[in-house]
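Step one of this worksheet: look at the structure below.
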Amino acid sequence: MNVQSINQALESVRYTDTVDSSFFQMLRSFKQIVLRGAGGFGKEIGQALIERGFATDNILYWDVRADDLKSLNGIRVSYPFSEELQCDDVLIIHCIPNGSLSGTTIMRELHDKGYTNVIDGMALFESAFCDMRAEVGFDPKNCLNTTACNWTNCERLLAFSERDRGNPKLQQSSQKLSFQVMDVFLSFKCTLGCKDCGAYMNVYADKGLDTHVPYQQIKHDIDAFFDVIDTVAFVSVIGGEPFLHPDFPQIIADILEKTNFGVLGITTSGICKISDEAIQVLKNNRTRVIFSDYTRSLTSKQKQLFQQNVEKIKTNGIHYTTGEPVWATTPSLMEKTIPTEQLASMKASCNSTKTCQALLNGRLYPCSTSLAVHELHADDYPSDYISLDSPNLRHEITALHNRLYYESCARCSDGGAPVAKSGVQAKDDRFAHLLDKIAIVSTP
């Protein structure tokens, strides 16, 4: 079976429709199905395949946590590429839909090992297992009531949000300006000090930059952005630790006033205090608390706090998920000399420009690297972000997206190696160069 036919079948129905029984016959033409990733999403995909009659003997999980997991859904878990398989007989389903390994890293690794029969797990979920239907329209409950779907890469969510959650002020616009994800960054403060933190929280702390973003700035940025765009599928509230922000309840309330987005998620380590005021504002049918479970790397006291917070959210009837993120090493942000053709190729294949755009301090950043380069004072590339005060903001956003590459791309060429255990508490010497010029922070 040509995997191209499978991918074409998925894409033909991904946005509004559902595959028929003949699609699963195409999957059965492969002797072995390998699910790359045995986290929460991989678990749901494996279970769904079993429910549709696939034998567990013909399914295998690949995960770097194989020694700890051993099996999932009655399916064996082994370390990636640890055994000989006939590549042509194997269908790989990529089941890490979010995090630093969700983009090109794993795909490159698979192809380098000779595995070319690869399909996207999110495309499979959206096309075969999603309950959202065109005849009913967008209902956030469909997204909140499943813990399997990952909003960061759910193109079905974007299609429905664009159709049913658009900006009423822009209904006559022929050219849509929509986003899969937009991060709203609240704070550079965090209760953890993870060695491989993709947001560089250790470095902000070491430079004396671990502060909250002022509430009025956040509100201004939210208002300016949502006023000129059509829709966002997933508004992601991040930090640092979002629950540390003293105005967290009001910020969430401000976001929920906007009608032109699909769903709202708050990503937390769970190692923090969750106030009663925060609990109240989270009781709605558009919001999920996303617990990143780093407890394998934390103390027993921290693990206990994590479990208490999960239970608090659960008993208050708030939508939530828990799961251990799958990480890769972050770029060192060391500038390198890279030909412009290579920079353009890097940007064209980069998933971060789709899933890691952010509103912060009056600017829209197109990716997490451009944000870090500027906010950590590593350099200032004015062409790598735009001011949210621009009188031609909608046009400026489009122009930012269309740039051939960003100057920050030259600081994003390293990193990307799989991390065996996320949330390890330590410092990384690769970031020492960022501390050469410590920012001077004035104090009263």
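The values are calculated or read from the model by the stated rules, or taken from the named source; none is laboratory data. Being a predicted model, the structure only gives us computed values, none of them experimental. Here the Cβ positions follow ideal geometry from the backbone for every residue, glycine too, while neighbour counts run over all protein chains shown.
In table form, for the structure just shown:
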| read-out | value |
| --- | --- |
| Condition check for F185: touching a residue at least 40 places away in the same chain (Cβ under 8 Å) and under 27 Å from K273 (Cβ atoms) | yes |
| Every residue from the range 142-190 that is among the charged types (D, E, K, R), within 20 Å of T353 (Cα to Cα) and in a helix (DSSP H, G or I) | E155, R156, E162 |
| The one condition in (1) without any contact (Cβ under 8 Å) to a residue 40 or more places away in the chain; (2) over 13 Å from F125 (Cβ atoms) that I6 fails to fulfil | (1) |
| Helices (runs of 4 or more DSSP H) fully within the range 321-407 counting 2 or more residues that are modelled with pLDDT under 95 and crowded, with 20+ Cβ neighbours inside 10 Å | 352-355 |
| Filter pass, L170 being out of contact with any helix residue (DSSP H, G or I) (no Cβ under 6 Å at 6 or more places or on another chain) and aliphatic (A, V, I, L, M) | yes |
| Matching residues in the range 203-238 - criterion: being surrounded by fewer than 22 Cβ atoms within 10 Å (Cβ to Cβ) and touching a Cys at 6+ places or on another chain (Cβ under 9 Å) | A205, D210 |
| L49, sole failed condition from (1) assigned to a helix (DSSP H, G or I); (2) in contact with a helix residue (DSSP H, G or I) (Cβ under 7 Å, 6 or more places away or on another chain) | (2) |
| Any chance D210 is touching a Lys or Arg at 6+ places or on another chain (Cβ under 6 Å), over 22 Å from W151 (Cα atoms) and either assigned to a strand (DSSP E or B) or not hydroxyl-bearing (S, T, Y) (or both) | yes |
